[in-house]
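Novice: My structure is below; once you've seen it, I'll send some questions.
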Amino acid sequence: MGNWIGGFVNPALLAGLAAVTLPLLIHLLNRQRHKPMRWAAMRFVLAAYKKTRRRVELENLLLLLLRMGAVALLALALARPFTGRDSPLAGLTDTRRDVVVVLDASASTGQREGVDSVFERERERARALAREVSGAHGDRLRLIVAGAYPRLVSWTTPEQALSLLDTLENPTGEPLDLAGALAEVLRLAKETQNGGSSSLEVHLLSDMQRRSFLPYEGAQVEKNPRSRALDEVLDGLTQLGVRVIVEDLCGGERVPPNLSITGVRTLGEIYAAGLPSEIAVSVANRGAQARVGVRVSLSVDGERRPSQLVDLEPRASADAVFTLTFAKSGEHMVVASVEGDRLAIDNERAQVFEVPDSLRVLLVDGQPSSSIEEDEVGLLRTVLDPPLDDTSAAGAAPAPFLPTVMHAEELGNAELSLANYDAVWLANLDRVTQPVAERLSSFVSAGGLLVVSCGDAMDLGAWNQRMFKADGDCLLPAELVRKLEIPVRGEAHWRVSKFDAEHPALAFFADERFQLLLTEAPIFALIGTQPLPQARVLASLDDPAQSAFLIERPYLRGRVILWTTSIDDAWTRIPDSPGTLVPLVHELLRYGARAEAPRRNLAPGEPLEIETTGAFPRNLALVLPDGARRALEGEVVQAVGGKWKLPNIEGKQLERVGAYRIEREGADPIPFSVQLDAREGDLERLPAEEVAQLHSAFVQANGDPGSQPDKARPDRGELWRGLALACLVFLCLESLWAAWLGRKRRVA
């Protein structure tokens, strides 16, 4: 029996075979329903009956067997028996095909070798597979377009798949997430499994890009979640008996020649408009041959700049460095490109750079002095806006900082608008009034930076009363406790012992060349603090209490930084070291006063949210890389700080790689870019002989897209259709036989 029937999909339904006894029970009960009665004339009937008794019993037995057979066949059909490929009943099994086609639509499939691209070949092969199956016979074809995520675009008939294939013109700009695509196949296999296995026939049409199958090689494979996820999915498919037929639609060289723009970045920081900045364009030679004199071009806001030439070794990268001076602040679109080759999508890369305005800093002087050494705000102003020497030309470039000095009493002026400043620095103020505290709170909430530096004039109790709450609903990042100082300044001092070298404001001092400028500066006194849990200590001293030197905390959209010592030399020698004070003040202000740079460089399919300032934006339009314009539908909402939140742009509108912009009436366009994963330009292919070695779930099609290896075909077939047909035949015969017997006996 095991050679004939492999098993049952629904073995529990075999209990239905017990219903076979029902016709027999009914037959037996009908025989016992009448009581025999003696009757004289009955002897003539009995004599006639004895002559036909055997024929009647055979007729009734045949009728009973037909009824019992119909019930048995129905129960077996519901239990869905299946046979192996080598069973004698294999020819009677159901031949319906359930095909899944995974179409690799990653950016690398746009490569051309001759007239057609790999993606166009994949599309034609998918059409051929769709024509091989027949919806009239109940065949199903599911089409999955695979990129950064799987798109199940067709899930029913081959005809639907064919119509959808006609709409797929180009691949996506995304990398291939093979684990994600096969996870969708695994989900389908689980839905269609029969008795612990599935009859899915899976075809993966790909360009065989090596990194798609081996995202991380060597020692990283075991540690990388993406590699583990791919193995887990393939293990799941193997358990269900599903094999993935991998069809190579690329062919050709193992390492195809290709040039790629892999990155556009700044060397250093862009400080302000009018100041020169260096932009590095990284170019990669993905081929096995050296390339000499590769021309790299650059355009800024549509204006072309002089190109440069670079030489590239095989499988190596080089930078072309351009010196640019942006004429005005704001967002600028920079597009780098190289000469065309087999993969066009990676020959150009767009990058948006933010050129900041000069930072407007309000310096509030708590203790003015005529001596620059004792005037804290005077020191800060000199650090932010050093005096020009006689050789400085008139009309020099804009300064990175625009400081404004104000006395403490002016801070309470009702006509003062803190919205005109990016940062406020309170230097050694004795106290702040309640109206001033509320104004500062509104300023920081809207995104401003507040820096508080300490000194002898500070009334700690008054500061805590106005600016600190234990529950954190306050501006100060710490409670001001008491003054700590070294009794005899000449005998000892404190130094910075620990600092957050990864923090943007202190990263300058992480360099070994500059670290001592921060860690060796003497500090003789400071205000001891008790930081809030949500505060972050950026630097602390080597005193017994490990006192905090710099403390930061976010407050809604802005930040507050507490500098626990003084700015002048009353408590520290930091002002005597320009190499310490200047970068420390500059980096703190740049970090805190500049809001986090808005996202203007996206991955394909990533949604975008944009806020703008100025007048109410009208007549919004999204301009695509090919120049097509689409109206930006949705509501403009007013945001915090007088900004306007534009309608969100969904990811499905941003799947194409290139330079975009949002146009608006009466204002400059807002540029942004969608960027290709730089690794997509590496077209190195996985050899056919290595495919099956990766995992037992993979089956290579041996270079022939039309071939289907035997071990990739379903190992079994079901008999339920034949059993259901036999059940129907038995029911028809039973009905005809019963009708004929009834008519015959009535006539008799």
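The values are calculated or read from the model by the stated rules, or taken from the named source; none is laboratory data. Model, not experiment: these values are computed from the prediction. Backbone-built Cβ (ideal geometry, glycine too); neighbour counts: all protein chains shown.
Novice: Is there a residue being outside the structural domain of Ile345 (by TED's automatic domain parsing), touching a residue at least 60 places away in the same chain (Cβ under 8 Å) and in contact with a Pro (Cβ under 9 Å, 6 or more places away or on another chain) anywhere in the range 156-165?
Specialist: no
Novice: Do any residues in the range 92-103 that are closer than 10 Å to Leu200 by Cα and among the acidic types (Asp, Glu) have Cβ atoms under 8 Å from those of residues that are surrounded by fewer than 19 Cβ atoms within 10 Å (Cβ to Cβ) and at pLDDT 70 or above, where the two are at least six apart or on different chains, and which pairs are they?
Specialist: Asp98/Asp139; Asp98/Thr192
Novice: Of everything in the range 515-535, what is over 39 Å from the mean Cα position of the chain (by Cα) and either touching a residue at least 40 places away in the same chain (Cβ under 8 Å) or outside the structural domain of Ala446 (by TED's automatic domain parsing) (or both)? Give them in sequence order.
Specialist: Scanning the range 515-535 gives Leu517, Leu518, Ala521, Pro522, Ile523, Phe524, Ala525, Leu526, Ile527, Gly528, Thr529, Gln530.
Novice: Ala739: modelled with pLDDT of 75 or more and loosely packed, with under 12 Cβ neighbours inside 10 Å, yes or no?
Specialist: For Ala739, the condition - modelled with pLDDT of 75 or more and loosely packed, with under 12 Cβ neighbours inside 10 Å - is met.
Novice: Can you tell me how many residues within the range 566-582 are buried (at least 19 other Cβ atoms within 10 Å of the Cβ), under 42 Å from the mean Cα position of the chain (by Cα) and not hydroxyl-bearing (Ser, Thr, Tyr)?
Specialist: 1
Novice: Write out, first by first residue and then by second, each pair whose Cβ atoms fall under 6 Å of each other, whose residues are 6+ apart or on separate chains, and whose first residue, in the range 48-75, is of a type in the set (S, T, N, Q) while the second is modelled with pLDDT of 75 or more.
Specialist: From the range 48-75, no pairs qualify.
Novice: Taking the range 235-283 only, how many residues are crowded, with 21+ Cβ neighbours inside 10 Å and assigned to a helix (DSSP H, G or I)?
Specialist: Count: 1.
Novice: Counting only residues that are at pLDDT below 90 and assigned to a helix (DSSP H, G or I), how many does the range 427-483 have?
Specialist: Residues meeting the conditions: 0.
Novice: Kindly indicate the residue of the range 158-180 that is over 15 Å from Phe119 (Cβ atoms) and out of contact with any Gly (no Cβ under 7 Å at 6 or more places or on another chain) and also surrounded by the most Cβ atoms within 10 Å (Cβ to Cβ) among those meeting that condition.
Specialist: Residue satisfying both the conditions and the ranking: Leu178.
Novice: Among the residues of the range 58-67, which ones are surrounded by 20 or more Cβ atoms within 10 Å (Cβ to Cβ) and either farther than 15 Å from Leu25 by Cβ or not charged (D, E, K, R) (or both)?
Specialist: Across the range 58-67, the qualifying residue is only Leu66.
Novice: Of all residues in the range 302-325, count the ones that are of a type in the set (D, E, K, R) and either assigned to a loop (DSSP other than H, G, I, E, B) or in contact with a Pro (Cβ under 9 Å, 6 or more places away or on another chain) (or both).
Specialist: So the count comes out to 2.
Novice: Which residue, of Leu581, Leu538, Leu562, is in contact (Cβ under 8 Å) with a residue 24 or more places away in the chain, within 26 Å of Leu418 (Cβ to Cβ) and touching a His at 6+ places or on another chain (Cβ under 6 Å)?
Specialist: It is Leu538.
Novice: When you check Ala628 against the structure, is it in contact (Cβ under 8 Å) with a residue 12 or more places away in the chain and surrounded by fewer than 16 Cβ atoms within 10 Å (Cβ to Cβ), yes or no?
Specialist: no
Novice: Mind telling me which of the residues Gln700, Gln693, Gln638 ends up being surrounded by 12 or more Cβ atoms within 10 Å (Cβ to Cβ) and polar (S, T, N, Q)?
Specialist: When all the criteria are applied, what remains is Gln700.
Novice: Would you point out which residue out of Leu152, Leu162 is more than 30 Å from Gly681 (Cβ to Cβ), of a type outside the set (Val, Ile, Thr) and not in a loop (DSSP other than H, G, I, E, B)?
Specialist: The conditions single out Leu162.
Novice: Could you look through the range 477-507, keep only residues that are within 15 Å of Ala539 (Cβ to Cβ) and of a type in the set (D, E, K, R), and pick out the one that is surrounded by the most Cβ atoms within 10 Å (Cβ to Cβ)?
Specialist: Checked the range 477-507; the qualifying residue surrounded by the most Cβ atoms within 10 Å (Cβ to Cβ) is Asp500.
Novice: A further question on this structure: Do we find a residue being farther than 22 Å from Ala507 by Cα, outside any strand (DSSP E or B) and in contact with a strand residue (DSSP E or B) (Cβ under 6 Å, 6 or more places away or on another chain) anywhere in the range 547-556?
Specialist: No, the range 547-556 contains no residue that is farther than 22 Å from Ala507 by Cα, outside any strand (DSSP E or B) and in contact with a strand residue (DSSP E or B) (Cβ under 6 Å, 6 or more places away or on another chain).
Novice: Take the residues in the range 69-98 that are surrounded by fewer than 20 Cβ atoms within 10 Å (Cβ to Cβ) and among the aliphatic types (A, V, I, L, M); name whichever of them is modelled with the lowest pLDDT.
Specialist: Ala90
Novice: Moving on to the next point. What number of residues within the range 366-387 are in a loop (DSSP other than H, G, I, E, B), at pLDDT 80 or above and of a type in the set (Gly, Ala, Ser)?
Specialist: Counting residues in the range 366-387 that are in a loop (DSSP other than H, G, I, E, B), at pLDDT 80 or above and of a type in the set (Gly, Ala, Ser) gives 1.
Novice: Being within 30 Å of Gln111 (Cβ to Cβ) and of a type in the set (Asp, Glu) narrows it down to one of Glu354, Glu348, Glu331, so name that one.
Specialist: Within the list Glu354, Glu348, Glu331, the selection yields Glu348.
Novice: Now a separate question. Looking only at residues in the range 200-226 that are part of a loop (DSSP other than H, G, I, E, B) and either touching a Phe, Trp or Tyr at 6+ places or on another chain (Cβ under 9 Å) or more than 26 Å from Ala688 (Cβ to Cβ) (or both), which one is modelled with the highest pLDDT?
Specialist: Asp207
Novice: In the set Gly455, Gly472, which member is surrounded by 16 or more Cβ atoms within 10 Å (Cβ to Cβ) and either outside the structural domain of Asp365 (by TED's automatic domain parsing) or within 21 Å of Val424 (Cα to Cα) (or both)?
Specialist: Every option except Gly455 fails the conditions.
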